[in-house]
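Only one structure is covered here, and it is reproduced in the block below.
The values are calculated or read from the model by the stated rules, or taken from the named source; none is laboratory data. For clarity, every value in this text was computed on a predicted model and none was experimentally measured. Glycine gets a Cβ as well: all are built from the backbone with ideal geometry, and neighbour counts include every protein chain shown.
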Amino acid sequence: MREMPRSTRLAGARLAVLVTGGPRGRTALDLARAALEGGAQMIQLREKELSDRELLDLAERTRELCRAAGALFIVNDRPDVARLAGADGVHVGSTDLPAGGARAIVGKRALVGVSAHDEAEIDAALQAGADYLGIGTVYPSGTKPGLPARGLEVVRLAARSTSLPFFAIGGIAIERLAEVLAAGARGVAVSGAILQAPDPRAATEAFRRVLDAHFGEA
């Protein structure tokens with residue numbers, strides 16, 4: 001069966017899970033597998049402590065899991081690793097390579113996602129040709145403790161500013177999901193609420209149920 005184009009899969013993606021090694025001895029690969037089994041449509045690999053060789057090996061193995069599940073696979077921060085691993089794309093933040101530089105490495109057919117926290121950063125990402133945005137930080141986040149929470153207004157701002165796919169990110173628990181969607185989020189990127197759950201697969205399924213009902217995809 002022919003694989004759907006990346007742009008088509010991106011347009012239909014509502015749940016991205018940001019994966020790193022987690023508690024209870026779970027590896028990033030274990031968590032990616034659980035999230036995919038629960039219905040994650042995108043896996044973003046975010047590992048900052050591994051050597052380049054270890055990261056590439058993990059990225060290649062995660063790519064295979066995502067490919068089997070029909071999900072997008074994105075490497076955070078490292079366009080070189082994304083290209084070598086055959087990922088669907090790369091996601092860059094404010095301290096990483098600019099979007100144009102990242103695209104020069106991963107190629108025109110790969111996806112480039114960009115983090116944006118305010119109107120100026122949203123505009124800059126759009127001008128740079130981002131394929132999708134990560135919008136936040138919406139609520140206080142344990143994975144990004146140095147960034148101030150922007151609240152729902154940054155989600156509303158993104159919804160007004162662009163027709164691109166974007167994922168609201170930052171401290172999004174299942175209890176807050178409805179209000180994030182009501183503010184205009186086109187998807188959510190989740191880390192702690194899934195990775196730290198007693199059952200990451202079940203937690204992913206719970207997010208998907210709410211998302212599918214909201215977008216009429218149940």
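Conditions tested, residue by residue: (1) under 18 Å from ILE43 (Cβ atoms); (2) in contact with an Asp or Glu (Cβ under 7 Å, 6 or more places away or on another chain); (3) free of Cβ contacts under 8 Å to residues at least 24 places away in the same chain; (4) of a type in the set (Phe, Trp, Tyr).
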| position | (1), (2), (3), (4) |
| --- | --- |
| THR95 | no, no, yes, no |
| ILE105 | no, yes, no, no |
| LYS108 | no, no, yes, no |
| GLY113 | yes, yes, no, no |
| ALA124 | no, no, yes, no |
| ALA128 | no, no, no, no |
| ASP131 | yes, no, no, no |
| ILE135 | no, no, no, no |
| VAL138 | no, no, no, no |
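Among residues of segment 50-72 that are at negative phi, those with a Cβ under 6 angstrom from a residue that is acidic (Asp, Glu) and in a loop (DSSP other than H, G, I, E, B), sequence gap 6+ or separate chain, pair up as LEU55/GLU47; LEU72/ASP88. Tell me yes or no: at least one residue of segment 73-92 is free of Cβ contacts under 8 Å to residues at least 24 places away in the same chain and of a type in the set (Lys, Arg). Yes. All conditions but one from (1) over 17 Å from the mean Cα position of the chain (by Cα); (2) surrounded by 15 or more Cβ atoms within 10 Å (Cβ to Cβ); (3) at pLDDT 95 or above apply to LEU50; the one that does not is (3). Can you spot a residue in segment 190-203 that is assigned to a loop (DSSP other than H, G, I, E, B), under 12 Å from LEU15 (Cα atoms) and in contact (Cβ under 8 Å) with a residue 40 or more places away in the chain? Looking through segment 190-203, at least one residue is assigned to a loop (DSSP other than H, G, I, E, B), under 12 Å from LEU15 (Cα atoms) and in contact (Cβ under 8 Å) with a residue 40 or more places away in the chain.
A quick yes/no check of all residues on (1) out of contact with any His (no Cβ under 9 Å at 6 or more places or on another chain); (2) in a helix (DSSP H, G or I):
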position	(1), (2)
ARG53	yes, yes
LEU56	yes, yes
ALA59	yes, yes
ARG63	yes, yes
SER94	no, no
ALA104	yes, yes
GLY129	yes, no
VAL138	yes, no
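The residue of segment 91-128 that is surrounded by the most Cβ atoms within 10 Å (Cβ to Cβ), among those that are in contact with a Lys or Arg (Cβ under 7 Å, 6 or more places away or on another chain) and within 28 Å of LEU177 (Cα to Cα), is VAL112.
Just to be sure I understand, how many residues within segment 31-47 are assigned to a helix (DSSP H, G or I) and surrounded by 16 or more Cβ atoms within 10 Å (Cβ to Cβ)?
7
In the set (1) buried (at least 24 other Cβ atoms within 10 Å of the Cβ); (2) touching a Gly at 6+ places or on another chain (Cβ under 6 Å); (3) part of a helix (DSSP H, G or I), ALA159 fails one condition alone, (1). Within the span defined as segment 3-25, one or more residues are acidic (Asp, Glu), surrounded by fewer than 13 Cβ atoms within 10 Å (Cβ to Cβ) and in contact (Cβ under 8 Å) with a residue 40 or more places away in the chain.
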